[in-house]
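> A single structure is presented below for examination.
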Amino acid sequence: MLVGMKLFPDTGVKLKGRSGTNLRRVVVSGLGVLSPNGNGVEAFWEATRSGVSGVDTITLFDPELLPCRIAGEVKGFHAENFLDPKELKRVARAVPLAIAATAEALRSARVDAEAMSLEEKRSWGVILGSGGGAADFMEAQYRLYFSDQMKKASAYNVSSSTIGTLSSEISLHFDFKGPSHVISTGCTSSTDAIGYAFNMIRFGLADHVVTGGVDATITPAIMHGFSIMRAVSATRNQEPQRASRPFDLRRDGFVLGEGAWMLVLEAGDQALQRGAAIYAEILGYGSTCDAYHMVRLDPSGEEPARAMALAIQDGGLGKDEVGYIALHGTSTVLNDKTESRAIRLCFGRRADDIPMSSIKSMIGHPQGASGAAGAVAAILGMNEGYLPPTINYEEPDPECDLNYIPNRGLARATEIAVCNCIAFGSKNSALVIGRSDGQ
């Protein structure tokens with residue numbers, strides 16, 4: 001449980017939300033994590049701040065025939081502690097990951113779902129981001145069908161294969177009766193989910209929302225698909241922890257990851273009234289589309305730059321107030337160059353002065369959960385005054401020439417962070433998050 005930890009000192013700093021508006025302030029009152037480099041918020045943050053990689057050889061299936069045989073898997077997780085054996089047979093791997101991370105987030109928010117009244121349960125919603133959703137469950141069911149083992153197929157073949165089932169399972173597990181939605185926009189999914197939850201609360205459409213992202217798509221077919229696209233690293237199977245290397249000249253593709261990063265968002269006045277710890281405040285959200293190509297980025301970087309600018313403007317802030325950027329930073333050649341160009345377009349000369357990093361260097365690329373992972377790391381870093389590094393940065397790329405906090409974290413007090421995400425389908429999304437000290 002995080003309440004009272006040194007990461008979140010109560011020093012009396014007020015919330016930063018825009019003054020002079022009728023919009024409600026939206027605060028983060030709880031965090032929960034299951035990650036390749038640490039299960040639980042404390043373990044995740046300790047590994048991330050220290051530059052510890054969770055990438056290793058794939059164990060979820062035999063990867064021997066694949067060009068890329070490494071990934072960022074969540075290990076040491078006991079799903080049976082959250083769902084009984086019968087339930088585990090009918091759900092995708094992402095479901096118990098999301099439920100476990102949600103349970104931790106609710107504990108840190110001092111929320112007891114079992115003790116809620118019916119009226120209280122109706123005020124809690126779930127807005128989850130996921131790119132692959134239940135792809136592993138679907139793939140396993142197809143395998144049975146095409147190998148003439150149809151009798152072994154699950155009665156939940158259809159219902160548990162949809163992406164929307166993920167938020168439903170969380171709502172069912174905790175008996176939350178508010179809106180239950182899944183946003184699936186590729187790698188921007190959880191950034192968009194947090195943005196949607198933020199808007200629902202600030203415009204008075206919801207009071208409390210469990211949000212964030214989960215993906216668990218390390219499967220034979222998906223790994224093969226990324227391999228034939230030449231999107232994943234295939235040169236470092238013997239040194240997996242050095243394979244994900246955003247912005248390094250010798251990067252050759254991303255490393256697939258998985259995990260769940262969950263946040264409890266609430267209206268600021270309600271969170272304070274019930275005595276919740278306030279870890280951060282969501283200040284702004286922006287989203288654009290390149291309208292360029294399904295899998296290639298517009299190399300100009302104009303629309304990712306505009307998404308960041310819109311988020312900053314939405315928060316009523318100036319670009320000179322941003323002190324950290326949580327990068328998308330996948331470790332692909334085009335993505336990293338384009339994102340670097342977008343940051344220069346957005347921030348101009350000041351881009352050289354802003355520290356930024358990609359935690360994908362340590363956890364791999366968790367697809368639709370990427371934005372939530374970056375947001376949680378940014379919140380933890382702002383609260384401690386220590387920004388996480390981009391590891392495996394050994395040889396600078398002349399086209400990627402910003403301060404990526406190489407290899408070792410940076411002690412830096414930071415009040416405002418931008419979280420940037422880019423997705424297939426030319427989608428771009430950004431969040432602006434403000435630091436808070438418990439009030």
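> Restricting to region 222-237, count the residues that are among the charged types (D, E, K, R) and touching a residue at least 40 places away in the same chain (Cβ under 8 Å). First the steps, then the outcome.
In the first step, residues of region 222-237 are kept if they are among the charged types (D, E, K, R); the result is 230, 236.
Filter once more, keeping what is touching a residue at least 40 places away in the same chain (Cβ under 8 Å): 236.
Result for region 222-237: 1.
> Inside region 348-368, can you point out the residues that are in a helix (DSSP H, G or I) and on the phi > 0 side of the Ramachandran plot? Working first, answer last.
Narrowing region 348-368 to residues in a helix (DSSP H, G or I): 348-353, 360-363, 367-368.
The answer is Gly348, Gln367.
> Residues in region 290-301 that are surrounded by fewer than 16 Cβ atoms within 10 Å (Cβ to Cβ) and not aliphatic (A, V, I, L, M): how many?
Quick first cut of region 290-301, residues surrounded by fewer than 16 Cβ atoms within 10 Å (Cβ to Cβ) only: 291-296, 299-300.
With the extra rule that they be not aliphatic (A, V, I, L, M), the set shrinks to 292-293, 296, 299-300.
Number of matching residues: 5.
> While we're here: I'd like to know if region 122-143 contains one or more residues that are surrounded by fewer than 14 Cβ atoms within 10 Å (Cβ to Cβ) and of a type in the set (A, V, I, L, M).
No - not one qualifying residue is present in region 122-143.
> Test of understanding: among Gly374, Gly368, Gly409, which residue is within 27 Å of Glu73 (Cα to Cα), surrounded by fewer than 23 Cβ atoms within 10 Å (Cβ to Cβ), in contact (Cβ under 8 Å) with a residue 12 or more places away in the chain and of a type in the set (Gly, Ala, Ser)?
Values: Gly374 fails: surrounded by fewer than 23 Cβ atoms within 10 Å (Cβ to Cβ); Gly368 fails: surrounded by fewer than 23 Cβ atoms within 10 Å (Cβ to Cβ).
From the options Gly374, Gly368, Gly409, the qualifying one is Gly409.
> Going through Asn335, Asn403, Asn383, Asn392 one at a time, which residue ends up being without any contact (Cβ under 8 Å) to a residue 60 or more places away in the chain and more than 18 Å from Ile312 (Cα to Cα)?
Working: Asn335 fails: without any contact (Cβ under 8 Å) to a residue 60 or more places away in the chain; Asn383 fails: without any contact (Cβ under 8 Å) to a residue 60 or more places away in the chain; Asn392 fails: without any contact (Cβ under 8 Å) to a residue 60 or more places away in the chain.
Answer to the selection: Asn403.
> Among the residues of region 49-73, write down those that are more than 30 Å from Glu384 (Cβ to Cβ) and out of contact with any Ser or Thr (no Cβ under 9 Å at 6 or more places or on another chain).
Scanning region 49-73 gives Thr57, Ile58, Thr59, Asp62, Glu64, Leu65.
> Which members of region 85-114 meet the condition of being farther than 21 Å from Thr162 by Cα and among the acidic types (Asp, Glu)?
Initially, region 85-114 is screened for residues farther than 21 Å from Thr162 by Cα, giving 103-114.
Matches in region 85-114: Glu104, Asp112, Glu114.
> Starting from residues that are assigned to a loop (DSSP other than H, G, I, E, B) and on the phi > 0 side of the Ramachandran plot, keep the ones in region 208-265 and report whichever is surrounded by the fewest Cβ atoms within 10 Å (Cβ to Cβ). Working first, answer last.
Quick first cut of region 208-265, residues assigned to a loop (DSSP other than H, G, I, E, B) only: 216-219, 229-231, 233-239, 243-247, 249-253, 255, 258.
This time we only want the ones that are on the phi > 0 side of the Ramachandran plot, so: 230, 247, 253.
Details: Arg230: 13, Phe247: 29, Gly253: 26.
The extreme case among them is Arg230.
> Which residues, counting only those in region 37-62, are of a type outside the set (Ser, Thr, Tyr), touching a helix residue (DSSP H, G or I) at 6+ places or on another chain (Cβ under 7 Å) and assigned to a loop (DSSP other than H, G, I, E, B)?
Within region 37-62, Asn37, Gly40, Gly51, Val52, Gly54, Val55, Phe61 qualify.
> Right, another one. Note down all Cβ pairs under 7 Å where the first residue falls in region 132-144 and is farther than 19 Å from Glu258 by Cβ, the second is buried (at least 18 other Cβ atoms within 10 Å of the Cβ) and modelled with pLDDT under 85, and they're at least six residues apart or on different chains.
Gln141/Ser161
> If you don't mind, another one. Could you list, in sequence order, all residues of region 40-53 that are more than 30 Å from Asp269 (Cα to Cα) and surrounded by 24 or more Cβ atoms within 10 Å (Cβ to Cβ)?
In the first step, residues of region 40-53 are kept if they are more than 30 Å from Asp269 (Cα to Cα); the result is 43, 46-53.
The answer is Thr48, and nothing else.
> In addition: Quickly run through region 172-205 and pick out the residues that are small (Gly, Ala, Ser) and either surrounded by fewer than 24 Cβ atoms within 10 Å (Cβ to Cβ) or out of contact with any strand residue (DSSP E or B) (no Cβ under 6 Å at 6 or more places or on another chain) (or both).
Kept after step one, since they are small (Gly, Ala, Ser), are these residues of region 172-205: 178, 180, 184, 186, 189-190, 193, 195, 197, 204.
Of everything in region 172-205, those that are small (Gly, Ala, Ser) and either surrounded by fewer than 24 Cβ atoms within 10 Å (Cβ to Cβ) or out of contact with any strand residue (DSSP E or B) (no Cβ under 6 Å at 6 or more places or on another chain) (or both) turn out to be Gly178, Ser180, Ser184, Gly186, Gly204.
The values are calculated or read from the model by the stated rules, or taken from the named source; none is laboratory data. All figures in this text were calculated on a predicted structure; none of them were measured in a lab. We place every Cβ from the backbone using ideal geometry, glycine too, and count neighbours over all the protein chains shown.
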